[in-house]
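Structure, as structure tokens:
Readers should treat all values here as calculations from the given coordinates under stated rules, not as data from a laboratory. Note that the structure is a prediction, hence the values are computed from the model and not measured. Cβ placement follows ideal geometry from the backbone for every residue including glycine, while neighbour counts extend to all protein chains displayed.
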């Protein structure tokens with residue numbers, strides 16, 4: 001009997017701890033890390049919460065399970081403290097009052113060209129000596145995702161410069177490598193190959209190109225696109241950017257998506273100075289960002305819209321905007337799920353409901369990443385990824401996350 005009581009007591013304690021832990025998780029995923037409001041306005045805020053949450057800004061108590069009317073004044077930042085049952089502190093939310101923000105919602109395809117900051121290592125491989133012996137001189141000395149910055153103290157930026165410095169080396173080469181933000185030096189032996197070339201057995205890349213979609217542009221010409229970073233196709237890691245450029249592109253074919261096989265936009269990128277559209281200054285997890293040239297600023301299609309912040313996004317009908325071939329159009333989608341928290345790429349789950357778009361593409365295809373998501377006449381986000389097993393579904397990122405870059 002005593003053992004049974006202990007078991008029940010332990011079960012009760014576990015239940016209380018689990019309930020509290022699950023409640024904390026629900027709050028963190030249901031309340032944004034940041035709340036943005038337009039200055040000198042009145043906003044009604046209603047969050048979908050399944051547990052009792054109280055909050056305070058200064059000394060003012062707020063019941064977040066009810067609709068809150070917010071009257072804003074001048075711009076500024078504040079802290080809102082949230083607690084479970086009004087007792088257990090679980091989350092501090094940054095509240096920002098900002099000036100009204102209008103951006104041009106784009107949805108236009110562009111050609112993307114990036115050069116890496118240093119020469120990116122894809123991996124090591126074997127080299128055949130003059131006598132036919134296979135060796136792997138760089139094995140365990142370099143790893144996938146390293147960036148080679150120097151060879152024997154000489155700075156390099158391209159594959160050609162790397163090859164030249166290896167050719168000028170004698171029995172070994174000292175590589176200065178940037179690995180996860182830290183510089184390390186490794187010494188790699190030089191091998192005389194069967195083709196009478198000096199090699200160290202390293203696969204490398206120094207640039208990348210592809211087609212993506214621009215999301216927005218500000219009045220000053222600052223742009224954002226993709227909604228996710230450009231990752232190396234072999235290593236899957238985010239590419240460190242040295243420089244990048246946008247170019248005109250022409251979409252001439254669409255490969256429709258099917259379950260288990262994502263579709264893609266196929267097009268031609270025109271690389272020359274007359275077709276250059278802008279400079280890419282940043283590649284991060286939220287997308288690519290930079291400055292548009294005058295050509296893009298003057299000719300970019302799209303409509304100037306107010307920014308819709310994350311707390312304004314709601315489940316239900318919305319639109320995505322994209323130019324698949326010759327016409328910039330809006331297509332109907334449904335926002336199925338809203339997720340706040342750390343995962344910047346999967347903050348919204350959306351489903352394409354527009355028969356025309358499904359007929360053209362099967363849903364969301366590669367190259368559409370960055371397509372603006374519009375709800376209630378406001379730009380609220382961008383498409384980021386497609387569900388591999390269901391091309392009618394995909395993920396989206398809140399536009400406020402992109403605008404912070």
Tell me which label goes with the value of percent of Cα pairs over 40 Å apart computed from the coordinates here: (i) 34; (ii) 37; (iii) 14. (i)
Of 84, 277, 241, the one that fluctuates the most in a GNM where the chain has Cα springs shorter than 10 Å: 84
By how many nm would the segment from residue 346 to residue 182 grow when fully extended, if each residue of separation counts as 0.36 nm and the alpha-carbon distance is taken off? 56.1 nm
Burial ranking of peptide ranges 355-363, 45-53 (average Cβ count within 10 Å, highest at the top): 355-363, 45-53
Just need the relative contact order of the chain here, percent rounded to a whole number, with Cα pairs under 8 Å and 6+ apart. 16
How far is helix 2-30 tilted, in degrees, relative to the longest principal axis of the Cα atoms in the chain, given as a value from 0 to 90 rounded to the nearest 10? 70
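So what's the back-of-envelope 222 nm ellipticity for the chain, counting only DSSP H runs of four-plus at -39500 (n - 2.57) apiece and dividing by all residues, rounded to 500?
On the way: 5 runs with 57 residues, N = 405.
When only DSSP H runs of four or more count, the value is -4500 deg cm²/dmol.
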Modelling each spin label as a point 7 Å along the Cα-to-Cβ direction, I'd like the residue 231/residue 128 distance in nm, to one decimal. 3.5
What is the extension gain from residue 220 to residue 81, computed as 0.36 nm multiplied by their sequence separation minus the C-alpha to C-alpha distance, in nm to one decimal? 46.5 nm
Under a point spin-label approximation (7 Å from Cα along Cα-to-Cβ), what is the residue 135-residue 240 distance to one decimal in nm? 2.8
Given the options 76, 278, 224, which has the most mean-square fluctuation in a GNM of the chain, springs set between C-alpha atoms less than 10 angstrom apart? 76
At 0.36 nm per residue, minus the direct Cα-Cα distance, what do residue 209 and residue 258 gain on full extension? Give it in nm, one decimal, please. 15.2 nm
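Order 115-126, 212-223 from most to least packed using the mean count of other Cβ atoms within 10 Å.
On the way: 115-126: 19.4, 212-223: 21.8.
The peptides rank, most packed first, as 212-223, 115-126.
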Among 95, 365, 135, whose mean-square fluctuation peaks in a Gaussian network model of the chain (Cα, cutoff 10 Å)? 135
Going 7 Å from the Cα of residue 295 along its beta-carbon direction, which residues of segment 253-281 have the amide nitrogen within less than 20 Å of the resulting point? 267-281
Testing the spin-label approximation: label points 7 Å from Cα along Cα→Cβ at residue 194 and residue 70. State their distance in nm. 6.8
Relative packing of peptides 269-275, 286-292 - highest average C-beta neighbours within 10 Å first: 286-292, 269-275
